[in-house]
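Working notes for the structure below.
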2 protein chains.
Amino acid sequence: MDDKRFQKVAKALADPRRFDIFQTIATDQAGGICSGSVCETVEVAQATVSHHLKELVEADLVTANCKGQFKYFTPNHATMNEYIAELQKRLQVKATV
Amino acid sequence: MDDKRFQKVAKALADPRRFDIFQTIATDQAGGICSGSVCETVEVAQATVSHHLKELVEADLVTANCKGQFKYFTPNHATMNEYIAELQKRLQVKATV
DNA sequence: AGAACATATAGACAAATGTCAATATATCTA
DNA sequence: TAGATATATTGACATTTGTCTATATGTTCT
């Protein structure tokens with residue numbers, strides 16, 4: 001994982017509200033959650049949610065899937081695993097399990 | 001790991017220069033690196049390094065050890081492991097190894 | 001005690017960032 | 001085609017944050 005993506009992910013995870021949104025998407029059991037549903041889980045304006053979702057997509061932490069007027073988001077676990085692996089590598093921390 | 005510490009760590013890792021400093025401390029083989037040595041590895045003013053070191057200490061990512069006029073820093077791998085474990089728990093990502 | 005060195009703090013500043021209201025764009029349905 | 005709904009974009013604003021210079025505090029050594 002190159003520096004640019006590494007930093008992008010770190011930044012994406014650093015804002016509490018954005019992390020909440022990410023967590024909502026990551027733990028969703030329905031195979032995709034749309035923007036509107038995300039909005040209902042957090043107390044910020046729709047424009048703000050849209051902005052955070054964009055950041056998460058750009059960090060490749062989530063994947064967007066358009067279906068008509070809706071946009072569904074699914075977690076990209078591979079990116080998280082890569083990020084964690086990169087942290088461990090750069091900091092010479094042993095894997096936790 | 002409670003919310004407050006979790007966010008503190010995430011923020012601490014999010015700035016590129018601060019991460020560089022953390023990485024320098026984490027990969028140090030000499031059992032402690034002092035502020036002055038950290039300053040030599042990065043291209044910012046001493047005051048800025050001092051500020052970043054403080055943030056790392058407050059996030060409990062590194063531990064400071066005063067010896068006379070010097071201050072030695074060592075990585076706190078436990079915190080990183082806790083942070084990674086917390087990420088995996090909150091995001092329901094399986095351990096990487 | 002006084003000079004030299006290591007680190008911390010204060011205060012100022014610019015850039016980045018999270019937020020919102022308003023509006024635009026796109027899609028669906030009656 | 002019109003109206004309703006879902007999401008994106010624009011532009012503005014306040015806050016946060018990384019950075020610096022200057023200075024303070026604390027330590028060592030002559």
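The values are calculated or read from the model by the stated rules, or taken from the named source; none is laboratory data. No experiment lies behind these values; they were computed from the predicted model shown. FYI the Cβ positions are ideal-geometry reconstructions off the backbone, even for glycines, and counts take in every protein chain you see. Just the protein is used for accessible areas: all its heavy atoms, side chains included, with ligands, DNA and RNA removed. Shrake-Rupley method; radii C 1.70, N 1.55, O 1.52, S 1.80 Å.
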Revision key, fill the gap. Here the residues within region A:9-34 that are in a helix (DSSP H, G or I), within 11 Å of DNA strand D (Cβ to nearest atom) and open to solvent by 40 Å² or more (accessible area, probe 1.4 Å) are A:Lys11, A:Pro16
Review point. For region A:62-76, which residues satisfy the criterion of being in contact with a Leu (Cβ under 8 Å, 6 or more places away or on another chain) and within 14 Å of another protein chain (Cβ to nearest Cβ)?
Key: A:Val62, A:Phe73, A:Pro75, A:Asn76
Exercise for review: With respect to A:Val44, determine if the residue is under 21 Å from B:Phe22 (Cβ atoms), among the hydrophobic types (A, V, I, L, M, F, W, C), open to solvent by less than 80 Å² (accessible area, probe 1.4 Å) and in a loop (DSSP other than H, G, I, E, B).
Suggested key: no
Study note, to complete from the structure: Within region A:12-66, of all residues that are among the acidic types (Asp, Glu) and within 19 Å of A:Asn76 (Cβ to Cβ), the one nearest to DNA strand C (Cβ to nearest atom) is A:Asp15
Study note, to complete from the structure: Reported set for region A:51-60 where residues are surrounded by 15 or more Cβ atoms within 10 Å (Cβ to Cβ) and part of a helix (DSSP H, G or I) is A:His52, A:Leu53, A:Glu55, A:Leu56, A:Val57
Check your understanding: When residues of region B:51-69 are filtered for being in contact (Cβ under 8 Å) with a residue 40 or more places away in the chain, within 13 Å of DNA strand D (Cβ to nearest atom) and not small (Gly, Ala, Ser), how many remain?
Key -> 3
